[in-house]
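Everything below concerns the one structure shown next.
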Amino acid sequence: VQTKKEETLPPSLSQNIPTFYFPRGCPKEKVNIDAVIAKIERTFSEFPNERATLEDMGKVAKACECPLYWKGPLFYCAGGERTGYVSVHKFVAMWRKILQTCYDDAAKFVHLLMNPGCNYLVQEDFIPFLQDVVNSHPGLLFLKEASEFHSRYITTVIQRIFYTVNRSWSGKITCNELRKSNFLQNVALLEEEADINQLTDYFSYEHFYVIYCKFWELDTDHDLYIDRKDLARHNDHAISNRMIERIFSGAVTRGRKAQKDGKISYADFVWFLISEEDKKTPTSIEYWFRCMDLDGDGALSMYELEYFYEEQCQKLDNMAIEPLPFEDCLCQMLDLVKPQYEGKITLHDLKRCKLTNVFFDTFFNIEKYLDHEQKDQFSMLRDGEGESQEVSDWEKYAAEEYDILVAEEAASDQWNDGYEAELNPADHQKANVLKYQMEKRPFFDMPSHLADVDLDDYDYEEDFE
């Protein structure tokens, strides 16, 4: 046996590979940190004793070249909540460190809001930031005297942030997730847009109001939790009982205590309602896929589809409508989705499909299923493609429901008395609706402080993909 002569390997070239992973943002051209700090110091010199209060932080945020509504996070990160002000020295030390270690807006924002030692954001981290938005945004001035609404509005916005931004379903928003989302652009728009309702992705008060009123109708004992029977009444019992069981199983809800008691929280209801009214978004598709994937194997089998379709058939029989045999329905759905592998439908298949709303409604929403049945599929496909560039299904639903709520309020003249004529129409409408709901609904009499915001701990498995 000949011994193989060992060849000498060339020296490792790894040191020549340029850095390609930048978790805190890619360093751009050299930032003149001293010039930025000098500008900040000049701004602080305008304040008594060079101390900035929260009201002063708008000027400081602009000196830092940040959007206006970063003022709260800047103030709190520098320790302002403890003393009620921030000294120039404390702030400069904090901002210099951020400039030296964080190279883009996502990394800076996460650093400002996160708990020490973390590199991600959890739900509670957003509360002080959003409370400052509620307190100071001109579009929310009408809420000034209605603190009962503050924590519920904040809870709703936080759920919408995680619904859209936290693509991993982990309950922890990373710098990368923030970068890939449009959230920071929306925070910047808060400064330019006086009408909060124009910011429909996260901050719209009208959207919050629709969600809140829908929840209140179901929450008959006003404890901010609903059980299976409560949720079954949603939209006149449109959702199948088998799907409601899956929602309460923990497949898409968070908070073990609530699950143990057989209830879901208001925060969970936000996810449910948005998913129910817009079944075309990535999060919504994942939401309903998790519910329909009974065995958690990452694919919908024909058995699982039949399990949900059986109840639809029973409902149609009760309505004296002859249901389509499952085999025929299955052929239709497979033609609709065009799965990559025979005999199962994956999450990827559904995300490629243009009519996921039709697919899901067929198996667990009887009213919407019947609506789809009356339409031509080709026209639905054309509508779906045309609408993708315009208004989402959720935005259309929220606008329609808000108009209904306002019309119901306006029909009762007794609630229109006592308002000054100087109010502009938008403020007048909001104030009327607010007054009406607060007087009519004992739900709003509950004391509600910042600490009362109901944010359950997230404990989620990894995403399917």
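Just so it is clear, none of the values below were taken in a lab; they were calculated from the coordinates. Everything numeric here is computed off the predicted structure, so don't read it as measured data. Heads up, the Cβs are rebuilt from the backbone with ideal geometry, glycines too, and the neighbour counts pull from every protein chain shown.
By the gyration tensor of its Cα atoms, with a ≥ b ≥ c the square roots of the eigenvalues, what is the shape of the range 33-203: rounded for a/c under 1.5, prolate for a/b over b/c, or oblate? Mind dumping the intermediate values first?
Values: a/c = 1.79, a/b = 1.26, b/c = 1.42.
The shape class here is oblate.
After finding the eigenvalues of the alpha carbon gyration tensor for the range 241-381, what semi-axes result from the square roots of 5 times each, listed largest first in whole Å?
Values: eigenvalues 118, 62, 46 Å².
Gyration-tensor ellipsoid for the range 241-381: 24, 18, 15 Å.
Could you tell me which of the pairs K62/K97; K260/K368; K39/K62; K344/K375; K315/K396; K59/K172 are separated by over 20 angstrom between their Cα atoms in the structure shown? Intermediate values should be presented prior to the final figure.
Details: K62/K97 18 Å; K260/K368 31 Å; K39/K62 10 Å; K344/K375 27 Å; K315/K396 28 Å; K59/K172 31 Å.
Listed pairs above 20 Å: K260/K368; K344/K375; K315/K396; K59/K172.
Set the Förster distance to 22 Å, then compute FRET efficiency between V391 and A188 from the Cβ-Cβ distance, nearest 0.05.
Numbers: r = 22 Å, r/R0 = 1.00.
Once rounded, the FRET efficiency stands at 0.50.
How far apart, in nm, are the 7 Å Cα→Cβ label points at A410 and S249?
4.5 nm
For Y341 and Y303 in the same chain, what is the full-extension length gain: residue separation times 0.36 nm, less their Cα-Cα distance, in nm? Intermediate values should be presented prior to the final figure.
Values: separation 38, 0.36 × 38 = 13.68 nm, distance 1.56 nm.
Net length gain for the segment: 12.1 nm.
Round to a whole angstrom and tell me the spacing of the C-alpha centers of the range 53-87 and the range 195-226.
When both Cα centres are located, 30 Å separates them.
For N32 and D223, calculate 0.36 nm times their separation in residues minus their Cα-Cα distance, and state this gained length in nm to one decimal. Display every interim value, and only then the final one.
Working: separation 191, 0.36 × 191 = 68.76 nm, distance 5.37 nm.
The N32-D223 span can extend by a further 63.4 nm.
Could the peptides 152-160, 326-334, 347-355 be put in order, highest first, of the mean number of other beta-carbon atoms found within 10 Å of their residues? Show your work: numbers first, answer last.
Working: 152-160: 23.4, 326-334: 14.3, 347-355: 17.6.
Ranking the peptides 152-160, 326-334, 347-355 by packing returns 152-160, 347-355, 326-334.
Please compute the modelled spin-label separation between T83 and L370, points set 7 Å along Cα→Cβ, answer in nm with one decimal.
6.7 nm
If amide H atoms are built 1.01 Å from N in the plane of the peptide, which residues on other chains or at least 5 residues away come under 5 Å of the amide H of L300?
I345, T346
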